[in-house]
1. Checking B:Glu26 against (1) within 12 Å of DNA strand C (Cβ to nearest atom); (2) within 14 Å of another protein chain (Cβ to nearest Cβ), which test does it fail?
2. Out of the helices (runs of 4 or more DSSP H) lying entirely within segment A:132-218, which hold 2 or more residues that are among the aliphatic types (A, V, I, L, M) and closer than 23 Å to B:Ala203 by Cβ?
3. Evaluate segment A:90-105: report whether one residue or more is within 14 Å of chain B (Cβ to nearest Cβ) and within 16 Å of DNA strand D (Cβ to nearest atom).
4. Identify all residues within segment B:19-50 that are open to solvent by less than 10 Å² (accessible area, probe 1.4 Å) and in contact with a Ser or Thr (Cβ under 9 Å, 6 or more places away or on another chain); write none if there are none.
5. Checking the condition in contact (Cβ under 8 Å) with a residue 12 or more places away in the chain and either open to solvent by 30 Å² or more (accessible area, probe 1.4 Å) or within 12 Å of DNA strand D (Cβ to nearest atom) (or both), which residue from B:Val64, B:Val57 passes?
6. Can you tell me which of B:Arg75, B:Arg103 is of a type in the set (Lys, Arg) and out of contact with any helix residue (DSSP H, G or I) (no Cβ under 9 Å at 6 or more places or on another chain)?
7. If I ask for residues that are surrounded by 19 or more Cβ atoms within 10 Å (Cβ to Cβ), within 10 Å of chain A (Cβ to nearest Cβ) and of a type in the set (Gly, Ala, Ser), which ones from segment B:147-200 would you list?
8. Can you find even one residue in segment A:105-120 that is basic (Lys, Arg) and either under 30 Å from A:Asn81 (Cα atoms) or crowded, with 20+ Cβ neighbours inside 10 Å (or both)?
2 protein chains.
Amino acid sequence: MASRSDTKTRILDAAEKLFAERGFSETSLRLITSKAEVNLASVNYHFGSKKELIRAVLARYLDVFMPAAAKEISRLHTAPNQASLDEIFSALVAPLLELNKLRAEGTTIFLQLLGRGYIESQGHLRWFITTHYGEPLAKFVKAVQASVPHIPSAEMFWRLHFTLGTVVFTMASADALTEIAAADFGEHNDIEAVIRKVIPYMAAGVAVPVINNEKGLL
Amino acid sequence: MASRSDTKTRILDAAEKLFAERGFSETSLRLITSKAEVNLASVNYHFGSKKELIRAVLARYLDVFMPAAAKEISRLHTAPNQASLDEIFSALVAPLLELNKLRAEGTTIFLQLLGRGYIESQGHLRWFITTHYGEPLAKFVKAVQASVPHIPSAEMFWRLHFTLGTVVFTMASADALTEIAAADFGEHNDIEAVIRKVIPYMAAGVAVPVINNEKGLL
DNA sequence: GTTTAATTTAAACGAGTGTTTTAAATCAAT
DNA sequence: ATTGATTTAAAACACTCGTTTAAATTAAAC
């Protein structure tokens with residue numbers, strides 16, 4: 001059943017790296033298969049199509065991350081007192097860093113894939129994630145809303161997408177940014193340091209009071 | 001010299017809409033020229049290549065927006081008292097909305113183009129903008145830093161990129177998000193409403209105090 | 001009005017894409 | 001060892017892409 005060092009895995013490993021770096025549509029199957037040192041046709045044999053390969057790459061991470069994240073959120077709920085926004089966001093850090101044990105650079109790759117997916121696939125990935133992982137997602141949103149009850153849910157919808165944009169864009173260009181930061185400020189950040197920097201930023205933005213500014217200066 | 005209703009303009013008008021909607025690499029010259037009702041070869045005749053067409057599309061907006069934004073920032077400097085972060089970000093709103101007078105949906109298109117460009121062109125657009133519009137950009141950064149002097153410049157570097165990510169990702173998917181918001185919450189937001197929502201979010205994140213969390217719980 | 005230059009047109013080029021096909025090789029089970 | 005299903009291999013297919021070419025058309029200049 002299994003062969004060599006598993007062609008399927010070799011394809012997934014090569015594909016996720018290239019997808020994260022250059023995006024999905026900019027990555028050809030020929031480039032993937034040559035990096036993976038497998039035959040071109042094996043992609044269609046094992047996965048059916050490029051689109052299904054993309055889904056498989058994402059699912060391999062989401063299937064690990066989502067349950068772990070849900071477990072962390074649940075743990076917050078059973079805590080004695082109300083969790084702060086910082087605590088809720090920070091609860092996702094451990095599941096994210098766990099991905100580094102799954103594969104080298106796993107955390108970065110996962111976040112970059114997520115960003116690429118959201119941007120490239122015109123809402124298609126958004127549908128895929130919400131339908132396949134709706135439960136842990138809803139749990140997270142609920143925890144956030146309970147933590148800042150003064151924010152209406154419509155406003156929260158927007159702020160959570162702002163937050164998604166912040167993390168996704170940051171991670172998509174994290175490599176370039178850490179390089180610049182090292183050159184300009186002598187800072188040497190790894191992915192965890194960047195995550196720890198972004199959490200207070202997002203928490204402050206999500207929690208900021210809503211001001212009724214409808215009659216503001218035009 | 002000029003012909004018909006200006007082929008060059010017809011191409012730019014059709015291209016910017018398609019680029020904003022579907023991204024640069026997902027938009028073929030054949031699609032652009034068919035929407036513009038011009039011949040395929042006229043793109044290469046007038047612009048030389050697709051890459052130069054992309055630059056021309058962006059420059060047509062940047063040449064209007066950047067000077068206007070710089071002027072607004074300068075006006076803040078001469079104000080009697082120190083400008084708040086909200087005021088600094090809000091100073092960009094008027095120049096942004098001015099683009100709607102330039103062309104229909106100009107504001108949305110410009111912001112979406114900016115987002116697409118930053119994401120798709122691996123730092124290439126970042127270089128283009130900083131070298132061609134470095135002066136107004138530096139002026140903006142300076143104003144932000146003066147407004148929140150308690151943030152070290154290294155931290156500010158990261159936060160401004162978080163901010164860029166927030167706005168860029170939000171605008172790249174603004175159409176989809178406004179649709180969802182309308183369906184789920186009955187909210188009908190235009191681009192200005194979204195901009196007014198995102199400003200407090202970003203301002204709060206940029207200004208949040210830095211806590212020395214190096215010995216935080218792992 | 002003829003000549004000259006600028007522009008538009010239709011067609012083709014060459015390279016790259018995802019996918020399919022056909023045959024050979026590999027493997028597990030009889 | 002032979003069978004039968006998997007897996008790999010190489011090639012071709014059908015298509016799209018950006019770009020180029022060369023002729024036809026339009027506009028400008030004299």
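1. (1)
2. A:153-172, A:174-185, A:191-207
3. No; the residues of segment A:90-105 include none that is within 14 Å of chain B (Cβ to nearest Cβ) and within 16 Å of DNA strand D (Cβ to nearest atom).
4. Of all residues in segment B:19-50, those open to solvent by less than 10 Å² (accessible area, probe 1.4 Å) come to B:19-20, B:23, B:27, B:32-33, B:36, B:43.
Hits for segment B:19-50 are B:Phe19, B:Ala20, B:Gly23, B:Thr33, B:Ala36, B:Val43.
5. Values: B:Val57 fails: either open to solvent by 30 Å² or more (accessible area, probe 1.4 Å) or within 12 Å of DNA strand D (Cβ to nearest atom) (or both).
The match here is B:Val64.
6. Only one candidate passes the filter, namely B:Arg75.
7. B:Gly165, B:Ala172, B:Ser173, B:Ala174, B:Ala181
8. Yes, the conditions are met somewhere in segment A:105-120.
The values are calculated or read from the model by the stated rules, or taken from the named source; none is laboratory data. Keep in mind it's a predicted model, so treat the numbers as computed, not measured. Methodologically, a virtual Cβ is constructed for each residue, glycine included, from the backbone with ideal geometry; neighbour enumeration extends over all protein chains shown. Protein only, heavy atoms only, side chains kept; ligands, DNA and RNA dropped before computing areas. Shrake-Rupley method; radii C 1.70, N 1.55, O 1.52, S 1.80 Å.
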